[in-house]
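For reference, the structure discussed in these notes is given below.
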Amino acid sequence: MDHIERTRREFGQQAANFAASTAINDEDHVRRLVDPIGVAAQGRVLDVACGPGIVTVELARTARDVVALDLTPEMLNKARERCGKAARANVCFEEGTASALPFDDASFDAVVTRLSFHHFTEPRTVLAEMHRVLKPSGLLAVADIVTAEDQEQAELQNAIEQLRDPSHVRMLPASELRALVIAQRLSIQHDDTWDKVREFEEWVGIVANPERIAPLRTVVRSLARAGVDAGMGLTLRDGAVHFFHRWQVLVARKH
């Protein structure tokens, strides 16, 4: 199975739980991505790897029109439902891959993606595509979870993520994600990083795969007992494993 098919299958299975997750629906996180886009969010906006439309529906509040693109039909159905319930009539939905966007050059005022880069095998290609379809002076906004800068910690955290979800490729450290954006000749206008505390059972409940999660639970609990935080603050409190996801939001302007 190639990575595209693996990702499509994984998120087809996760769609309902992902769409309902309190952590993923965190309104503060959405605002921290959308607000810095400013005036560009009033034009034509592309939401790449839109998932269940959490960012899409917020963008559609002010945008002239929004295109929501995702690889997974089940996720697009969730996005349609969400936008329908919110009476967002200015959204259209496209099935496609982020590495080959089916849009003309310079056709969007803003291009946005959230929680997607760690699933891309070629993040440079995706950024180049997002850059291509962005109008001159338009804004590109990326929000993703990032790892510690320490390579050993980053490798351990990515291994934990891959055991939970095999469509996970690699979370980048913040410095590397920033460097990829700059390499596209984009000028960073906004850079925000913060930590979101998660509880292990809530997090793995999204994938709802007991055969996969049971051994991962054993590994993570053992790491926490041994004082190995994996760059994600693994700890045991009252018998439950807690950790944090470090978020980064970058908003950059095309020259």
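For this structure, a couple of remarks:
- Among (1) out of contact with any strand residue (DSSP E or B) (no Cβ under 9 Å at 6 or more places or on another chain); (2) more than 20 Å from ILE160 (Cα to Cα); (3) in contact (Cβ under 8 Å) with a residue 60 or more places away in the chain, the one test that ILE206 misses: (2)
- Close pairs from region 97-112: first free of Cβ contacts under 8 Å to residues at least 24 places away in the same chain, partner buried (at least 16 other Cβ atoms within 10 Å of the Cβ) and of a type in the set (S, T, N, Q), Cβ under 7 Å, at least 6 apart: none
- Restricting attention to region 188-213, the residues that are under 20 Å from the mean Cα position of the chain (by Cα) and basic (Lys, Arg) total 2.
- First in region 167-188 and touching a residue at least 40 places away in the same chain (Cβ under 8 Å), second anywhere and assigned to a helix (DSSP H, G or I) and hydrophobic (A, V, I, L, M, F, W, C), Cβ under 6 Å, 6 or more apart: LEU180/LEU127; GLN184/LEU127
- Among the residues of region 203-255, those that are within 19 Å of GLN13 (Cβ to Cβ), assigned to a helix (DSSP H, G or I) and of a type in the set (Val, Ile, Thr) comprise VAL204, ILE213.
- In region 160-187, the qualifying residues are those that are under 15 Å from the mean Cα position of the chain (by Cα), charged (D, E, K, R) and in a loop (DSSP other than H, G, I, E, B), and the one that is nearest to GLN13 (Cα to Cα) is ASP165.
- Filtered by the rule that a residue be out of contact with any Pro (no Cβ under 8 Å at 6 or more places or on another chain) and hydroxyl-bearing (Ser, Thr, Tyr), region 134-190 gives SER137, SER167, SER175, SER187.
- Filter result for the condition that a residue is assigned to a strand (DSSP E or B), out of contact with any Cys (no Cβ under 7 Å at 6 or more places or on another chain), within 27 Å of HIS3 (Cα to Cα) and of a type in the set (A, V, I, L, M), over LEU69, LEU46: LEU46
- When region 19-40 is filtered for residues that are farther than 18 Å from ASP192 by Cα and either basic (Lys, Arg) or part of a helix (DSSP H, G or I) (or both), the ones remaining, listed by number, are ALA19, ALA20, VAL39, ALA40.
- Total residues in region 57-66, condition among the β-branched types (Val, Ile, Thr) and not in a strand (DSSP E or B): 2
- Region 188-202, residues that are within 30 Å of LEU250 (Cβ to Cβ) and assigned to a helix (DSSP H, G or I): PHE200, GLU202
- ALA143 vs. criteria surrounded by fewer than 21 Cβ atoms within 10 Å (Cβ to Cβ) and either farther than 25 Å from SER175 by Cα or modelled with pLDDT of 95 or more (or both): no
The values are calculated or read from the model by the stated rules, or taken from the named source; none is laboratory data. Owing to the predicted nature of the structure, the values given are computational and were not obtained by experimental measurement. So basically every Cβ, Gly included, is an ideal-geometry build from the backbone, and we count neighbours across all protein chains shown.
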